[in-house]
1. So, in region 109-122, how many residues would count as being crowded, with 23+ Cβ neighbours inside 10 Å and either farther than 15 Å from ARG154 by Cα or of a type in the set (D, E, K, R) (or both)?
2. What are the pairs, 6+ residues apart or on separate chains, where a residue within region 218-241 that is closer than 15 Å to LEU193 by Cα has its Cβ under 7 Å from a residue that is of a type in the set (Asp, Glu) and surrounded by 10 or more Cβ atoms within 10 Å (Cβ to Cβ)?
3. Pull up region 45-80, narrow it to residues that are at pLDDT 75 or above and aliphatic (A, V, I, L, M), then point me to the one that is farthest from the chain's Cα centre (by Cα).
4. Among (1) at positive phi; (2) part of a helix (DSSP H, G or I), there is one condition ARG215 misses while meeting the rest; what is its number?
5. Looking only at helices (runs of 4 or more DSSP H) that fall completely inside region 72-143, which ones have 3 or more residues that are touching a residue at least 24 places away in the same chain (Cβ under 8 Å)?
6. So, in region 222-240, of the ones that are out of contact with any Lys or Arg (no Cβ under 8 Å at 6 or more places or on another chain) and exposed (fewer than 12 other Cβ atoms within 10 Å of the Cβ), which residue ends up nearest to SER71 (Cα to Cα)?
7. Restrict the check to region 171-181 and report whether at least one residue is polar (S, T, N, Q), in a helix (DSSP H, G or I) and at negative phi.
Amino acid sequence: MRRFLLPLLLVLLAACATAPQPGGTAASEAPAPAGTAQRDSAEWEPAIRAFEAQDARVRRMPGSVVFVGSSSIRMWTTLADDFPGVALINRGYGGSRVYDSVHYAERIVVPYQPRAVVFYAGDNDLNDGRTPRQVRDDFAAFVRKVQAAAPKARIAFVSIKPSPSRAALLPQVREANALVRDFARGVRNVDYLDVYAPMLDAGGAPREELFLADRLHMNRAGYEIWIGVVGPWLAKLPSPA
């Protein structure tokens, strides 16, 4: 009888160890603490693989300027015309967060051996419930990854824009921008580019005329402001080796 009871006991113990915790969630799948809101970066894997498929057909461009980030970068389809004479690579993927670009830096930034990186993200992070400090810390992690592989590359953080559809987030946007600006001041080859202020009206509200009907993404007038801020920064970059 003991020969049969021992295996049965072991099976029951194993089942208890893997059983869901109260509330139906397994211990290894416990939700993140409130306010951290970090969805899995793997949701962008198809977009990253599409970039890599392009790389397989087109020779990589060492010494280029990589634009990376969320939909404001992805939808900037006139980069080549807006900055003539600059070798540019657009690696924007809409809806992404700062930490997504940290996750994929080795695949969509580092391989190009860039002389500079123009980075935009953060508003999706705040909309997901992440804090301004988390935005700053994630951008710092992105900088560390890029600088570890390309120590001489300059990195510009384009400030989080004031979208009318997310006006309720403006206090968090201002705090995140200030934290990133202060971080950039203390790190070599990192700059903060302010597009937030010129996108506000005299009363401090987002300028509706700079946005598409969704009041989230920019129209050409909005991008003209970005060109006026990013262009002078690009012009000061050292010439490619």
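The values are calculated or read from the model by the stated rules, or taken from the named source; none is laboratory data. Everything quoted here is computed from the prediction, not taken from an experiment. For neighbour counting, all protein chains shown are included, and Cβ atoms are generated from backbone atoms with ideal geometry for every residue, glycine included.
1. 2
2. ILE227/ASP82; VAL229/ASP194; TRP233/ASP191
3. Restricting to residues being at pLDDT 75 or above and aliphatic (A, V, I, L, M), the top hit is ALA80.
4. (2)
5. Where helices (runs of 4 or more DSSP H) fall fully within region 72-143 and carry at least 3 residues being touching a residue at least 24 places away in the same chain (Cβ under 8 Å), they are 98-108, 123-127.
6. Here is the first cut: in region 222-240, the ones out of contact with any Lys or Arg (no Cβ under 8 Å at 6 or more places or on another chain) are 223-236, 239.
With the extra rule that they be exposed (fewer than 12 other Cβ atoms within 10 Å of the Cβ), the set shrinks to 228, 232, 235-236, 239.
On the way: GLY228: 19, PRO232: 22, ALA235: 24, LYS236: 26, SER239: 28 Å.
This residue is GLY228.
7. As a first pass, look at region 171-181 and keep what is polar (S, T, N, Q): 172, 177.
The next check asks that each one be in a helix (DSSP H, G or I); those that pass are 172, 177.
Checking which are at negative phi leaves us with 172, 177.
Within region 171-181 (the criterion being polar (S, T, N, Q), in a helix (DSSP H, G or I) and at negative phi), the answer is yes, since at least one residue qualifies.
Rundown of residues vs (1) β-branched (Val, Ile, Thr); (2) surrounded by fewer than 17 Cβ atoms within 10 Å (Cβ to Cβ); (3) more than 12 Å from the chain's Cα centre (by Cα), yes/no style:
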position	(1), (2), (3)
HIS103	no, no, no
ALA167	no, yes, yes
ALA184	no, no, yes
VAL190	yes, no, yes
